[in-house]
Amino acid sequence: MLSFENTKCECGHQNPVGTVLCESCGKPLEASEAASDMPLEMRYDGVARRSQKSNPTIIDRVWNFFSSVKIAVRIIIITLLAAIVGTIFTQENAFVSFDPATYYEEKYGWIGKWYYKLGLSNTYESWWFIGLLVMIGTSLVICSLDRVLPLYRALSKQQIRKHLQFINRQKTVYSAELKNDPEAWIGQMEEQLKRKRYRVHRDGTALLAEKARFSRWGPYINHIGLIVFLLAVLLRTIPSWSMDNYVSVPEGEIVQIPKTNYFIKNEKFTVDYYKDEELPEELKGTNRAKLYETKAVLYTCSENCDDPLLEPKLEEVKQHDILVNHPLSYQGLKVYQFGYDDTPKLKAVKPVLIDKETGQTYGPFDLTMRDPELNYKLGPYTLELKTKYMDFVIDSAGEPGTQSREPNAPAFIFLLKGPDLPEGGVPYMYFPKQNDKVRFSQDAINGDIGKRFEIKVPKMEDVTFAAVVSTLNVRVDKAMPYIWVGAGISMFGLLLGSYWQHRRIWLRVDNGRVSLGAHTNKNNYGMRAEVAAVLHKTGIDVEPKSLDNGGNKS
Amino acid sequence: MLGGDIRQMGKNRRKIQIVILLGVLLLGGYAIGKALFVSDDGLPKRGEAPPDFALLSSDGQPHRLADYEGKALVINFWGTFCPPCVVETPEFQRQYEKWQGQGKPFEIIGINLSEDDLTVSNFVRKYGLTYDILRDKRNKIETLYGVRSYPTTFFIKPDGTIMDIYVGGMTEKDIDERVMKLLQS
C-alpha cells in the first residue's frame with residue numbers, strides 16, 4: 001500500500017492501472033487526458049496495457065521492456081542499420097573458397113580489414129544479429145499479447161451509453177436539438193446505419209453502431225505471420241533442413257554431392273556468348289554469356305557411396321537441363337547453375353619423334369597430362385618418362401619444380417634410347433606448349449640431342465583440351481514452405497488492417513438534444529462523409545466538414 | 001468476489017508470462033548459441049573426431065582411418081607444388097624414424113593433393129619416405145578436411161580426437177613438441 005492510484009470511475013467501474021478511458025463509460029481518467037479538451041486518445045480504446053503494474057518484479061520489468069513499442073521501434077532500427085552495413089561488402093558465405101583473413105584487406109584496404117575484424121563480413125550469421133532478431137521476435141509476441149487481449153475484451157463488451165465527454169471529444173462529432181420525436185429519430189438512424197452495413201445496438205435513447213471490427217485484428221495476424229516466419233528461419237539451422245554446397249563437374253563426369261547420397265553427372269555443358277553487335281558500345285569485345293546450360297543427370301547411391309575403393313552403385317532419378325533460374329529439382333534438393341570454367345587446359349597431345357638428320361618421323365604416341373604412360377616405343381627408339389611437371393617453374397634455389405597441380409605449363413623429361421645413342425639413354429626435355437618451349441628455352445636445355453631429335457605435335461587436331469567444368473550450386477531448404485506460410489499469414493493480416501477501417505458511431509439523446517460521436521482508426525474524411533450521409537437520410541442536413549472536431553491528421 | 005477474479009487472472013497471467021519468457025529463452029538461446037559456438041561449415045575442429053576416409057596408398061593398398069585406431073597419428077596434406085611442403089617433408093621422415101625406432105604407437109600419413117603417380121613416386125624416392133603416402137584423387141578428402149592452404153597438418157590423439165590443426169610449413173621443433181604431447185595423451 002505504498003501508493004494507491006484511484007482507478008475507479010464515477011460510473012462505478014473498477015479499471016486496471018494505466019487505463020486512459022474508463023473501460024465502461026469512456027470517461028477520460030488519466031489526469032492530462034481529462035483536463036484537455038482536444039479529441040481523445042483512442043489508441044487501444046483507452047484500455048490499460050496488460051502488464052502495467054504499480055510495483056513491478058524483475059519478470060515484470062523484462063516483460064515491460066519488450067512490451068514497449070518505443071523499444072521495439074529502436075530494436076528494429078538497429079537491426080535495419082546492421083542489415084544495411086552487412087550489404088556493403090560481399091559476405092563470406094558468397095564465396096566458394098577463399099581466405100577471408102586476407103581477402104577483405106587486399107580488396108578494400110583498411111576499411112575491409114576492420115570490416116572483417118568487426119565480424120561484419122558475416123553479419124547475418126553473427127550472434128548479435130541473431131540476438132537482435134530474437135529480440136524482435138520476443139517483442140512481437142509480448143507487444144501483441146499485451147495489446148490484443150485488452151483490446152479484444154474492450155471491444156467485445158462495449159457499453160452502449162457512453163459518457164458525454166467521451167462522445168463530444170471524438171474527432172467526428174455532431175450535436176443539436178432534435179425537432180422530432182427522439183425515439184422515432186433513433187429508429188430512423190438505426191435503419192439507415194444498417195443499410196450502411198453497420199451492426200447497431202440500442203439502449204433506450206443511446207445507440208452504438210459498428211462495422212469492420214475485424215480489421216483491428218489485422219496487425220496482430222500480421223505479427224503471427226512474422227513470428228511463424230522467424231521460427232521457420234530458425235528451423236533452417238537444423239542441420240538436415242538446409243544445405244548450400246557447390247560442386248564442380250567436368251563435362252562427361254559424375255561427381256558426388258558432398259555429404260549426400262546424390263551423385264550428379266554433367267552430360268553436356270553449353271555456353272553461348274553475345275555477339276558483338278548485340279552488346280552495347282562499352283561492352284563490345286568482351287565475353288558476355290547469353291546462355292549457359294548443363295545437361296544434368298541426378299543419381300542416388302545405394303551402396304559403396306563414400307568408399308573410393310569400390311564403385312558406387314548408382315540409380316538414375318532425374319534428368320534436367322539446368323539453366324540460370326531453372327534449377328534441377330528433386331525431393332527438396334535444388335541444383336542451380338552457378339558458374340563455369342572454360343579456360344582451355346591441355347589434357348593430352350599426340351606428338352611424334354622426328355630424326356632431323358634423316359627426316360624420318362616416329363609415332364605418334366599418346367601423352368596425357370595427368371597420369372601418363374611411362375614407356376613409349378617409337379620404331380627403333382624408346383622413350384622412358386622419368387619426371388614430369390604440371391606447371392613448370394625454376395624455383396628460388398634454381399631447382400626445377402611445379403607451382404601448381406593444374407597443367408598450365410606442363411613439362412616432361414624423357415630418357416631417349418635407341419640405335420647409335422649411348423647405352424643409358426639421353427635425357428630429353430619436352431614442353432608441349434609452344435610458348436613454354438620458347439620461354440624455358442627447350443633447345444638450349446636439350447643441347448646436342450635437341451639438334452638431332454625433336455618431339456613435336458604435327459597438327460592442332462592432335463591436341464585435346466580438358467572438358468569445360470560447370471560449377472553447380474546445390475541447395476536444400478526444407479523450411480521454405482513454412483516461410484511462405486508465415487509470409488502469407490503476414491500479408492493476409494496486412495490486407496485486413498489496411499483495406500478495411502473499423503468505424504463506430506455513438507449517439508445519445510438527453511432532453512431532446514442529440515450528441516453524436518464517431519471514431520475510426522483511419523480515414524476520418526470517409527467517416528465524416530458517412531455520418532453526414534446517414535444524418536441526411538434522417539432529415540438533418542450537415543456539411544461533412546462541419547463535423548470535424550479538429551486534431552485530424554487524416 | 002471481484003477481487004478474487006482479479007487475483008485469479010493475475011496468477012494465470014504470471015504463468016503465461018513465465019511460459020513465454022522461458023520459450024523465448026530456449027529458442028533464442030538455441031539460435032544465438034548456434035551462431036556463437038557452431039560454425040555450420042561442418043569442417044573438423046579441435047576436440048572432434050576427424051572425418052573417416054578410405055584411400056589407396058602409392059603401392060595400391062587400401063588404408064582407412066580406422067586402421068590407425070589407438071595410435072598417435074599425424075595426417076599431413078602435401079603436394080610437390082607447394083614449397084613449404086617440400087621443405088618440411090624430411091622433418092616428418094626424421095620424426096617417423098625417431099619414434100618408430102623407440103617402438104611408440106605412432107604413425108604418419110602423408111596425403112598427396114591429387115597429383116599423379118609419377119610425380120608422387122619420384123618425390124617419395126627422392127626423399128626416401130617410408131611412412132604411408134596416400135593418394136587423394138579428385139581432392140575429395142582434402143575438401144572433407146577443409147584444407148584451404150598447403151601444407152595443413154592434423155595431429156590426432158590415440159583416443160581419435162583432433163589435438164591440433166597446423167596450417168603452413170612446420171619446423172622440426174613444431175612437429176616434435178606436438179608429437180610429444182600426442183604420445184603423452
Query - Top-ranked residue in the stretch A:231-254 [being within 11 Å of A:MET480 (Cα to Cα) and either of a type in the set (Gly, Ala, Ser) or open to solvent by 70 Å² or more (accessible area, probe 1.4 Å) (or both); ranked as modelled with the highest pLDDT] - result: A:ALA232
Query raised in the report: Looking only at residues in the stretch A:267-284 that are within 28 Å of A:LEU314 (Cβ to Cβ) and open to solvent by 50 Å² or more (accessible area, probe 1.4 Å), which one is nearest to the other protein chains (Cβ to nearest Cβ)?
Result: A:GLU267
Query - Members of the stretch A:481-520 that are on the phi > 0 side of the Ramachandran plot and open to solvent by less than 80 Å² (accessible area, probe 1.4 Å) - result: A:GLY512
Query - Filter result for A:LEU353 (open to solvent by less than 20 Å² (accessible area, probe 1.4 Å), in contact with a strand residue (DSSP E or B) (Cβ under 7 Å, 6 or more places away or on another chain) and among the aliphatic types (A, V, I, L, M)) - result: yes
Query raised in the report: Which of (1) within 30 Å of A:GLY86 (Cβ to Cβ); (2) modelled with pLDDT under 90 is the odd one out, the single condition A:THR138 does not satisfy?
Result: (2)
Query raised in the report: Being open to solvent by 30 Å² or more (accessible area, probe 1.4 Å), touching a Phe, Trp or Tyr at 6+ places or on another chain (Cβ under 8 Å) and part of a loop (DSSP other than H, G, I, E, B), is that true of even one residue in the stretch A:452-460?
Result: no
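Rundown of residues vs (1) surrounded by 12 or more Cβ atoms within 10 Å (Cβ to Cβ); (2) within 30 Å of A:HIS502 (Cα to Cα); (3) hydroxyl-bearing (Ser, Thr, Tyr), yes/no style:
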position	(1), (2), (3)
A:GLY26	yes, yes, no
A:LEU29	yes, yes, no
A:GLU41	yes, yes, no
A:ALA72	yes, yes, no
A:THR79	yes, no, yes
A:GLN91	yes, no, no
A:TRP114	yes, no, no
A:LEU120	yes, no, no
Query raised in the report: Could we say that A:LYS388 is open to solvent by less than 50 Å² (accessible area, probe 1.4 Å), of a type in the set (Lys, Arg), touching a Ser or Thr at 6+ places or on another chain (Cβ under 9 Å) and assigned to a strand (DSSP E or B) here?
Result: yes
Query raised in the report: Can you tell me which of B:ALA35, B:ALA66 is without any contact (Cβ under 8 Å) to a residue 60 or more places away in the chain, small (Gly, Ala, Ser), more than 11 Å from every other protein chain (Cβ to nearest Cβ) and part of a helix (DSSP H, G or I)?
Result: B:ALA66
Query raised in the report: If the Cβ limit is 7 Å and pairs must be 6+ apart or interchain, which residue in the stretch A:213-230 that is farther than 23 Å from A:MET480 by Cα and small (Gly, Ala, Ser) pairs with which residue that is at pLDDT 95 or above and open to solvent by 40 Å² or more (accessible area, probe 1.4 Å)?
Result: A:GLY218/A:LEU494
Query raised in the report: Has the stretch A:302-318 got at least one residue that is more than 29 Å from B:PHE53 (Cα to Cα), surrounded by fewer than 18 Cβ atoms within 10 Å (Cβ to Cβ) and at pLDDT 85 or above?
Result: no
**Report entry** Residue satisfying condition, being touching a Phe, Trp or Tyr at 6+ places or on another chain (Cβ under 8 Å) and within 30 Å of A:GLY450 (Cβ to Cβ), within set A:PHE338, A:PHE365
**Finding:** A:PHE365
Requested in this report: Count, please, the residues in the stretch A:109-128 that happen to be touching a helix residue (DSSP H, G or I) at 6+ places or on another chain (Cβ under 7 Å) and in a helix (DSSP H, G or I).
Outcome: 10
Query raised in the report: Before we move on, is B:ALA72 more than 12 Å from chain A (Cβ to nearest Cβ) and under 30 Å from B:GLY128 (Cα atoms)?
Result: yes
Requested in this report: From (1) open to solvent by 20 Å² or more (accessible area, probe 1.4 Å); (2) within 10 Å of another protein chain (Cβ to nearest Cβ); (3) in contact with a Leu (Cβ under 9 Å, 6 or more places away or on another chain), pick out the condition that doesn't hold for B:TYR96.
Outcome: (2)
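Going by the conditions given, is A:TYR430 in contact (Cβ under 8 Å) with a residue 24 or more places away in the chain, more than 60 Å from the chain's Cα centre (by Cα) and within 26 Å of A:MET460 (Cα to Cα)?
Against the criterion (in contact (Cβ under 8 Å) with a residue 24 or more places away in the chain, more than 60 Å from the chain's Cα centre (by Cα) and within 26 Å of A:MET460 (Cα to Cα)), A:TYR430 does not qualify.
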Query raised in the report: Hey, does the stretch A:130-151 have a residue that's out of contact with any strand residue (DSSP E or B) (no Cβ under 9 Å at 6 or more places or on another chain), open to solvent by 40 Å² or more (accessible area, probe 1.4 Å) and farther than 23 Å from A:HIS223 by Cα?
Result: no
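Identify all residues within the stretch A:371-385 that are assigned to a loop (DSSP other than H, G, I, E, B) and either within 12 Å of chain B (Cβ to nearest Cβ) or farther than 26 Å from A:ASP355 by Cα (or both); write none if there are none.
A:ASP371, A:PRO372, A:GLU373, A:LEU374
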Query raised in the report: Tell me, which helices (runs of 4 or more DSSP H) lie completely within the stretch A:15-95 with 1 or more residues that are under 34 Å from the mean Cα position of the chain (by Cα)?
Result: A:58-67, A:69-85
Report task. Can you confirm whether the stretch A:398-417 contains a residue that is surrounded by fewer than 12 Cβ atoms within 10 Å (Cβ to Cβ), in a loop (DSSP other than H, G, I, E, B) and within 14 Å of chain B (Cβ to nearest Cβ)? Result -> yes
Query raised in the report: Would you say A:GLU191 is charged (D, E, K, R), modelled with pLDDT of 90 or more and either part of a strand (DSSP E or B) or surrounded by fewer than 20 Cβ atoms within 10 Å (Cβ to Cβ) (or both)?
Result: yes
Requested in this report: Given the conditions (1) among the polar types (S, T, N, Q); (2) at pLDDT 90 or above; (3) assigned to a helix (DSSP H, G or I), report the number of the one that A:ASN266 does not fulfil.
Outcome: (3)
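Counting residues that are within 14 Å of another protein chain (Cβ to nearest Cβ) and within 23 Å of A:LYS259 (Cα to Cα), which helices (runs of 4 or more DSSP H) fully inside the stretch B:113-185 reach at least 3?
B:140-144
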Query raised in the report: Out of all the residues in the stretch A:225-266, which are within 14 Å of chain B (Cβ to nearest Cβ), over 16 Å from A:ASN473 (Cβ atoms) and among the aliphatic types (A, V, I, L, M)?
Result: A:ILE227, A:VAL228, A:LEU230, A:LEU231, A:ALA232, A:VAL233, A:LEU234, A:LEU235, A:ILE238, A:ILE254
Requested in this report: Assess whether A:ASN93 counts as being closer than 26 Å to B:VAL147 by Cβ and in contact (Cβ under 8 Å) with a residue 60 or more places away in the chain.
Outcome: yes
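The values are calculated or read from the model by the stated rules, or taken from the named source; none is laboratory data. Note that the structure is a prediction, hence the values are computed from the model and not measured. FYI the Cβ positions are ideal-geometry reconstructions off the backbone, even for glycines, and counts take in every protein chain you see. Areas reflect the complete protein model, heavy atoms only, side chains present, ligands, DNA and RNA absent. Shrake-Rupley method; radii C 1.70, N 1.55, O 1.52, S 1.80 Å.
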